[in-house]
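The values are calculated or read from the model by the stated rules, or taken from the named source; none is laboratory data. In this text, all values refer to a predicted model and were calculated from it rather than measured experimentally. Note that we place each Cβ from the backbone using ideal geometry, even for glycine, and neighbour counts take in every protein chain shown. Accessible surface is based on the protein model in full, side chains and every heavy atom, while ligands, DNA and RNA are left aside. Shrake-Rupley method; radii C 1.70, N 1.55, O 1.52, S 1.80 Å.
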Amino acid sequence: MKLFDVYPLYNINIVKGDGCKVWDEDGTEYLDLYGGHAVISIGHAHPHYTAMISNQVAKLGFYSNSVINKLQQEVAERLGKISGYEDYSLFLINSGAEANENALKLASFYNGRTKIVSFNKAFHGRTSLAVEATHNPSIIAPINNNGHVTYLPLNDMEAMKQELSKGDTCAVIIEGIQGVGGIKIPTTEFMQELRKACSETGTILILDEIQSGYGRSGKFFAHQYNDIKPDIITVAKGIGNGFPMAGVLISPMFKPVYGQLGTTFGGNHLACSAALAVMDVIEQENLVENAKAVGDYLLEELKKFPQIKEVRGRGLMIGLEFEEPIKELRSRLIYDEHVFTGASGTNVLRLLPPLCLSMEEAKEFLARFKKVL
């Protein structure tokens with residue numbers, strides 16, 4: 001049997017990681033400015049993380065959600081405190097797409113509506129409703145194209161108000177910062193008006209913080225720059241530092257019903273140990289503050305490069321837009337300078353390093369980046 005060939009691959013086999021560095025099978029060292037799609041939050045192979053997972057799997061890796069799991073309760077309590085959402089509830093699942101599926105389902109259970117508002121260039125996942133809310137026709141299969149979603153221009157106040165004034169929208173789903181869309185940032189004015197319009201029309205506001213959350217922006221959630229509180233928040237990626245895990249943070253306005261939501265693997269003992277280790281390290285090593293400090297430095301320095309058309313971002317979520325396609329630039333960074341970065345579309349280079357990226361490593365990246373330019 002062969003692998004189903006849906007990923008264009010760089011001819012590199014990564015076998016080891018430590019902090020913000022990874023090594024291939026030939027022993028070549030790379031600086032990781034991508035963190036495996038923003039997944040690596042506390043760094044590769046952090047000793048506390050590996051110890052927590054090892055100790056847990058030696059005791060119990062998994063058991064059913066039909067019995068008490070005190071690790072889940074601890075994750076919920078800790079996440080509430082670290083995020084500032086202590087009065088919300090937590091539902092644990094396995095992936096970002098699954099988090100958004102459950103958020104949209106919960107919204108529809110709440111108000112009985114079926115229409116969704118999403119935004120141009122949004123990415124919310126590849127399953128059923130999540131992919132329909134993703135603004136990319138090439139990955140929406142006919143069976144998923146059910147007419148539930150209206151896409152609006154990001155930051156277009158009038159278009160948003162006009163659509164919500166119809167009173168038939170179930171939920172608005174929006175990223176704290178658009179990731180796949182090219183590091184596009186909603187304005188504070190737009191987010192505050194969106195919050196107001198949702199409240200006035202009985203529409204559920206869902207903040208997809210899967211890529212922009214968990215400290216990446218320099219605050220725990222990117223929407224906290226906008227001084228709003230959504231009804232539902234979805235998290236994944238950085239929550240487990242590579243262990244498959246996701247969560248839905250749910251406002252007290254929603255009342256749980258037995259059987260309403262469910263999962264087999266979500267919130268298993270091993271995943272919860274990973275999540276607790278991540279929160280330990282984020283707090284002990286001040287990684288949210290580090291993301292802001294190092295991110296601010298990178299943004300300031302990158303804006304000095306005349307070759308870059310526009311630099312966008314917050315914290316360690318940075319997009320570099322060029323006039324020309326960046327495919328060759330990204331390849332040279334990997335093969336010549338041994339730096340992993342990401343891309344968005346054809347012209348945007350994305351930087352999503354682990355939140356432990358040091359100032360010295362940031363300077364090293366800038367030196368290597370300057371060489372390929």
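For this structure, a couple of remarks:
- From the list LYS219, LYS229, the one residue that fits, being over 29 Å from GLN162 (Cβ atoms), open to solvent by 10 Å² or more (accessible area, probe 1.4 Å) and within 18 Å of the chain's Cα centre (by Cα), is LYS219.
- Flag if ASN241 is touching a residue at least 40 places away in the same chain (Cβ under 8 Å) and over 22 Å from GLY84 (Cβ atoms): no
- Evaluating VAL281 against the criteria (1) touching a residue at least 40 places away in the same chain (Cβ under 8 Å); (2) assigned by the TED database to the domain that holds ASN102; (3) more than 19 Å from SER217 (Cα to Cα) leaves one unmet condition, (3).
- Among (1) under 19 Å from the mean Cα position of the chain (by Cα); (2) without any contact (Cβ under 8 Å) to a residue 12 or more places away in the chain, the one test that GLU328 misses: (1)
- Filter pass, ASN136 being open to solvent by 60 Å² or more (accessible area, probe 1.4 Å), at pLDDT 95 or above and more than 18 Å from ALA99 (Cα to Cα): no
- Positions within the range 338-355 being farther than 19 Å from ILE185 by Cα and either crowded, with 24+ Cβ neighbours inside 10 Å or in the same structural domain as LYS121 (by the TED database) (or both), in sequence order: PRO354, LEU355
- Those residues of the range 276-297 which are open to solvent by 50 Å² or more (accessible area, probe 1.4 Å) and under 17 Å from GLY84 (Cβ atoms), in sequence order: GLU283, ASN286, GLU289, LYS292
- Pair list, Cβ < 9 Å and 6+ apart or interchain, from the range 42-63 residues that are small (Gly, Ala, Ser) and at pLDDT 95 or above to residues that are part of a loop (DSSP other than H, G, I, E, B) and crowded, with 20+ Cβ neighbours inside 10 Å: GLY43/CYS20; GLY43/ASN241; GLY43/PRO354; GLY43/LEU355; GLY43/CYS356; GLY43/LEU357; GLY61/ASN268
- The range 256-275, subset among the hydroxyl-bearing types (Ser, Thr, Tyr) and more than 14 Å from GLY61 (Cβ to Cβ), residue most open to solvent (accessible area, probe 1.4 Å): TYR258
- Residue within the range 113-123 that is among the charged types (D, E, K, R) and in contact with a Ser or Thr (Cβ under 6 Å, 6 or more places away or on another chain) present: yes
- Test: residue in the range 362-371 that is outside any helix (DSSP H, G or I), at pLDDT 95 or above and of a type outside the set (S, T, N, Q): no
- Taking the criterion of being in contact (Cβ under 8 Å) with a residue 60 or more places away in the chain and closer than 21 Å to ILE82 by Cβ, the residues of the range 180-212 that qualify are ILE206, ASP208, ILE210, GLN211, SER212.
- Residue match in the range 71-79 (condition: in the same structural domain as ARG216 (by the TED database) and under 17 Å from the mean Cα position of the chain (by Cα)): yes
- Within the range 134-149, residues that are on the phi < 0 side of the Ramachandran plot reach partners that are part of a loop (DSSP other than H, G, I, E, B) and of a type in the set (D, E, K, R) with beta carbons closer than 8 Å, at six or more positions or on different chains, in the pairs THR134/ARG126; HIS135/LYS121; ILE139/ARG126.
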